[in-house]
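Working notes for the structure below.
Every number in this text was worked out from the coordinates using simple rules, so none of it is lab data. This is a predicted model, so every value here is computed, not measured. Using ideal geometry, Cβ is built from the backbone for each residue, glycine included, and neighbour counts are taken over all protein chains shown.
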Amino acid sequence: MRGENVDSLVNATKILKSNEKLDGYMIFKSNQGTGDHLKMN
């Protein structure tokens, strides 16, 4: 999943339902979705 802030992502782990047990999670910070990686000519 993707989110705007850490709190919303952690909250989402409590809402999601799965048949498998969640051992943990990792949160990665990136510039995805910001457009920062695009070059404007």
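What number do you get for the chain when its Cα radius of gyration is normalised by 2.2 N^0.38 Å, N = residues? Write out the running numbers ahead of the final one.
Values: Rg = 14.3 Å, N = 41, 2.2 N^0.38 = 9.0 Å.
Ratio of Cα Rg to 2.2 N^0.38 Å: 1.59.
With charges only on Cβ, +1 for K and R and -1 for D and E, what is the dipole size of the chain about its Cα centre, in debye, rounded to 20?
On the way: 6 positive and 5 negative charges, 15 e Å.
Roughly 80 debye, rounded to the nearest 20.
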### Query
Given labels modelled 7 Å from the Cα in the Cβ direction, how far is it in nm from Thr34 to Val10?
2.2 nm
